[in-house]
Amino acid sequence: MANAWKRDKQPQFLSSRFLLLLFSSSLLLLIFYFFSLRPTNPSPDPAAATTTLSAKSRFSSTAISPFDCFASPQAHPVIANVVEGVKHPFLYSLSDFGSLPDKPHKNIVRTLKGKAFRRPDISVTVQELLERFRSEGRDGIFVDVGANVGMASFAAAAMGFRVLAFEPVFENLQRICDGIWMNRVGELMDLFEAAASDRVGNITFHKLVGRLDNSAVSAAGAKLAFKSNEEIELQVRSIPLDEVIPESEPVLLIKIDVQGWEHHVLKGAVKLLSRKAGKAPYLIYEEDERLLQASNSSSKEIREFLHTVGYHHCTQHGTDAHCTKNS
């Protein structure tokens with residue numbers, strides 16, 4: 001009976017202290033086992049990182065890369081507003097403030113009165129055409145040549161269409177960058193700091209102080225719509241559309257507004273415009289005889305060129321020509 005207490009006492013390995021030690025050890029073993037199963041992280045592959053970063057843009061060439069809004073200095077001040085009366089709303093930022101404070105831009109006055117920016121005709125036209133194409137089951141990109149501050153580009157991007165925009169004036173590019181952020185369309189837009197033309201290289205561009213929307217390749221053309229005593233010459237890149245847009249890329253609509261340089265833009269898009277009916281893009285270009293003559297061109301010369309690539313049906317809408325390729 002002297003040793004009976006040993007049989008009644010709880011074994012030591014079941015004590016609370018022992019259980020706590022066992023639990024802690026098991027937990028450490030599980031953690032060690034878990035980390036031993038995880039693969040070690042290899043060093044980053046620069047090529048893979050570059051591929052990931054550039055996957056957004058499908059449009060590039062050896063001659064030019066898309067404009068990087070994040071690397072561009074921020075323009076200031078920023079005066080932006082939503083556009084009135086469009087079915088698919090969007091915002092854009094002004095680059096022309098008018099003659100402050102005596103004669104501010106009309107949209108600045110509208111903003112101060114609590115009104116939206118005046119509706120640009122081209123924005124309405126672009127949205128109406130793209131809605132029609134979508135109802136027909138057609139898909140593709142919108143190409144904006146002479147994008148200015150993006151009034152046509154954002155009209156398309158607001159509908160979810162991918163946009164390829166060309167604009168040689170740096171101040172306008174900054175405003176487009178504002179609009180890309182404000183409209184949250186960075187994944188839809190590719191922007192090029194270039195003048196679309198018929199050759200790769202550089203061309204002399206004339207920028208008028210006070211009205212960036214009337215800058216042009218031709219100095220005479222730049223001054224036709226706005227009188228300015230101060231003119232700046234600069235060299236800008238030129239690139240044909242055929243150099244940037246792959247033949248496999250469907251294009252629904254091209255808008256060209258380049259102050260008389262339209263013929264050169266069209267000649268640089270022969271492959272694109274030569275696509276078969278049903279796949280050839282709808283074409284809108286400014287056909288202002290005064291501006292065309294200032295660039296040694298004419299509406300007759302443009303129409304004759306368009307006939308050679310199959311565009312036989314053109315109608316006039318104000319100073320714009322709308323051309324299609326019928327089957």
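Among the residues of the stretch 288-327, those that are among the charged types (D, E, K, R) and at pLDDT 95 or above comprise Lys300, Glu301, Arg303, Glu304, Asp320. Please tell me if Met189 is in contact with a Leu (Cβ under 6 Å, 6 or more places away or on another chain) and modelled with pLDDT of 95 or more. No, not satisfied. Restricted to the stretch 126-173, and to residues there that are at pLDDT 95 or above and polar (S, T, N, Q), the residue that is nearest to Phe59 (Cα to Cα) is Ser153.
Tell me yes or no: at least one residue of the stretch 94-117 is open to solvent by 70 Å² or more (accessible area, probe 1.4 Å) and either within 19 Å of Met189 (Cα to Cα) or touching a strand residue (DSSP E or B) at 6+ places or on another chain (Cβ under 6 Å) (or both). No, the stretch 94-117 contains no residue that is open to solvent by 70 Å² or more (accessible area, probe 1.4 Å) and either within 19 Å of Met189 (Cα to Cα) or touching a strand residue (DSSP E or B) at 6+ places or on another chain (Cβ under 6 Å) (or both).
The values are calculated or read from the model by the stated rules, or taken from the named source; none is laboratory data. Given the structure is predicted, the values throughout are model-derived calculations rather than measurements. Note that each Cβ is placed from the backbone with ideal geometry, even for glycine, and that neighbours are counted across all protein chains shown. The accessibility values were calculated without ligands, DNA or RNA, using every heavy atom of the protein model including side chains. Shrake-Rupley method; radii C 1.70, N 1.55, O 1.52, S 1.80 Å.
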